[in-house]
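Student: First, the structure itself, so that you have it in front of you.
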Amino acid sequence: MYDPVNLRSQYREMEHGKAQLAGIRAAIEAADAHKDVPYQIYFRTQFCEESVFYGDDLDMVVMFPELLALVDQHPDAPATRYNSMFRNSYDHVLWVYKWLLEDCELFYQISMEDCMRFFEDYKQRCIAYGYNLRPYYEYLYSFYDSMEDPRGEEAFAMFSQLPRDENCNCKACERNLEIDYYLKRDDLMKAELLSREIENRILTCGAREKNKAWLRMKRNYLHYYLRKKDCEKIAEYCRLIERNRNGEREFECWEDFLEGYAYVDMGKALKIYKKCWKGWLEERCPADIYGNNQHICIFFRELGKARKGSSVKINFDPSFPLYRESGRYEIEELYQFYYHRAREVAEKFDARNGTDAYCKELDGMDGTGRADAEQIGQVGV
């Protein structure tokens, strides 16, 4: 007997990721077979959510057109008992649509033509539904800012000017966006002024989540001090986030810690690398592949500076592409391996975006470029 409530209970007991996605797919098939439109829509939003937070965002990119087609066929479909905070199912899909806009920044596989089509479609749907365009400009800013396009400044200005409405992200999430904006532009005073309400837990991300917005803010500051290479502050923020993350997967930001501890505690950085190398190789999100490999390049650059010799012993398993039984590797060899992984993704983003922002960043003043790679083998030989 078809029971959507029981189907939901079943998949929510499964482990996050592949198992739960399979359970949600089964629920979708059951709802489709019974033409239960509210749950056809709801289960697909659940699939999108699980893909974004625990799976592969590209699964959401594939699923979302089905979801959009359903709400276009049934624009007045009511919400279910589980998403009743939205006016109706269409309202819920407008919320989920924002995740797709975010994926435009993260995946070069989404063409620029499709990105612009998604943004324009979302814009027109918001206007038709009676929402303003504050979220539209928020995600448009992030998209353009990732490629250093000056249109990002225009989008941020529009975002800042528009009032909040029901379709906006929570105040704390928006505030963290603003804090990050000013930190990236070296306006520390403005960022600190905006930080006060989160620091004092006046602004939180959800009534029961007292630390999430605060930890996101601390991570913004960690990124700022990594750019500045302020070792004292880097150590402070790495330890602060580690101490307070309480097992939250979002704040297992080992790539940030890897770079941070490479400046202040190389022994700990090396332990992080040995623990995480395999997971980083298995990463599928292109933006994360680029970022992770960039952090690893910095780690090996600093390792080359710190060691007396030019090699390091790491007991990789045979799945590592450069694996050798001796476990002895030249630091420059490892640097170049990760540099070329980052470079390959950077070139694909730049080709999609029509800029040189990613390659320029990789080879820029932060020291992660080819020039430093050539010097690594000479350090401490």
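The values are calculated or read from the model by the stated rules, or taken from the named source; none is laboratory data. These figures come from a predicted structure and were not determined experimentally. When we count neighbours, we look across all protein chains shown, and the Cβ atoms used for this are built from the backbone with ideal geometry, even at glycine. What goes into the accessible areas is simple: the full protein's heavy atoms, side chains included, and nothing from ligands, DNA or RNA. Shrake-Rupley method; radii C 1.70, N 1.55, O 1.52, S 1.80 Å.
Student: Can you tell which of 31, 69, 79 shows the greatest fluctuation in a Gaussian network model of the chain with Cα springs below 10 Å?
Tutor: With Cα springs under 10 Å in the chain, the top fluctuation among 31, 69, 79 is at 69.
Student: Could you grab the relative contact order for the chain? Cα pairs under 8 Å, six or more apart, rounded to a whole percent.
Tutor: Answer for the chain is 10 percent.
Student: log10 I(q)/I(0), Debye, Cα-only the range 245-370, no solvent, q = 0.13, 0.15, 0.17, 0.21 Å⁻¹?
Tutor: For the range 245-370 at q = 0.13, 0.15, 0.17, 0.21 Å⁻¹, log10 I(q)/I(0) is -0.53, -0.71, -0.91, -1.31.
Student: Full-extension gain between residue 112 and residue 13, please, as 0.36 nm times their residue separation minus the C-alpha to C-alpha distance.
Tutor: Computed gain between residue 112 and residue 13 is 31.8 nm.
Student: For residue 189 and residue 74, compute 0.36 nm times the residue count separating them, minus their Cα-Cα distance, and round to one decimal in nm.
Tutor: Working: separation 115, 0.36 × 115 = 41.40 nm, distance 4.91 nm.
Gain on extension, residue 189 to residue 74, equals 36.5 nm.
Student: Exposed loop trypsin sites (Lys or Arg not before Pro) only (DSSP loop, at most 14 other Cβ atoms within 10 Å): please give the longest stretch of the chain free of them, not including the sites.
Tutor: The longest such stretch corresponds to 88-163.
Student: In whole angstrom, note down how far apart the Cα centers of the range 273-319 and the range 154-215 are.
Tutor: Centre-to-centre (Cα) distance: 32 Å.
Student: Let me have the 222 nm mean residue ellipticity of the chain computed from DSSP H runs of 4+ only, each contributing -39500 (n - 2.57), with the sum over all residues rounded to the nearest 500. Write down the numbers at each step before the final one.
Tutor: On the way: 18 runs with 260 residues, N = 381.
Here the helix-only value at 222 nm equals -22000 deg cm²/dmol.
Student: Give the residues of the range 285-318 whose amide nitrogen is closer than 15 Å to a point set 7 Å from the Cα of residue 266 in the direction of its Cβ.
Tutor: Inside the label zone: 298-314.
Student: Counting heavy atoms of the protein chains only and a 1.4 Å probe, report the per residue accessible area for the chain as a whole number of Å².
Tutor: Per-residue accessible area for the chain comes out at 48 Å².
Student: Using 7 Å Cα-to-Cβ label points, what is the residue 35/residue 158 separation (nm, one decimal)?
Tutor: 4.1
Student: Take the Cα pairs of the chain, get the Kirkwood Rh, then feed it into Stokes-Einstein at 37 °C and 0.692 mPa s and tell me D in µm²/s.
Tutor: The calculation lands on 144 µm²/s.
Student: Also: Using alpha carbons only, what's the Rg to Rh ratio of the range 84-208 with Rh from Kirkwood?
Tutor: 0.98
Student: List the GluC sites (Glu not before Pro) within the range 1-106 that fall in a DSSP loop (any state other than H, G, I, E or B) and whose Cβ has at most 14 other Cβ atoms within 10 Å.
Tutor: Sparse-neighbourhood loop GluC sites (Glu not before Pro): 13, 15.
Student: Given a 1.4 Å probe and every protein chain left where it sits, what share in percent of the accessible area of the range 217-275 is carbon and sulfur? Present the calculation step by step, with values, prior to reporting the outcome.
Tutor: On the way: 1180 of 2770 Å².
Summing carbon and sulfur atoms, their accessible area is 42 percent of the total for the range 217-275.
Student: In percent, what relative contact order does the range 159-241 have, based on Cα pairs under 8 Å that are 6 or more apart in sequence?
Tutor: Relative CO of the range 159-241 lands at 25 percent.
Student: Could you give each residue of the range 6-13 its phi-based ³J(HN,Hα) in whole Hz, using Karplus coefficients 6.51, -1.76, 1.60 with θ = phi - 60°, and x for Gly or Pro?
Tutor: 5, 4, 5, 4, 5, 6, 6, 7
Student: Can you tell me the 0 to 90 degree angle between the C-alpha axis of helix 89-106 and the longest principal axis of the chain, rounded to 10?
Tutor: Long axis of 89-106 versus the principal axis of the chain: about 20 degrees.
Student: For helix 171-184, report the angle its Cα long axis makes with the longest principal axis of the Cα atoms of the chain; keep it between 0 and 90° and round to the nearest 10°.
Tutor: Taking the Cα atoms of the chain, the angle to 171-184 is about 30 degrees.
Student: Just grab the label-to-label distance for residue 242 and residue 306, each label 7 Å out from Cα along the Cβ direction, in nm (one decimal).
Tutor: Roughly 1.1 nm, to one decimal.
Student: I'd like the carbon and sulfur percentage of the solvent accessible area for the range 82-163, probe radius 1.4 Å, heavy atoms only, ligands and nucleic acids excluded.
Tutor: Carbon-and-sulfur percentage of accessible area, whole number: 52.
Student: Between Rg and the Kirkwood Rh of the range 50-96, both from Cα atoms, what is the Rg to Rh ratio?
Tutor: Details: Rg = 11.4 Å, Rh = 11.3 Å.
Ratio value, two decimals: 1.01.
Student: Shifting gears a bit: Between the range 1-52 and the range 248-265, how far is it from one alpha carbon centroid to the other, in angstrom?
Tutor: Comparing the Cα centres of the range 1-52 and the range 248-265, I get a distance of 35 Å.
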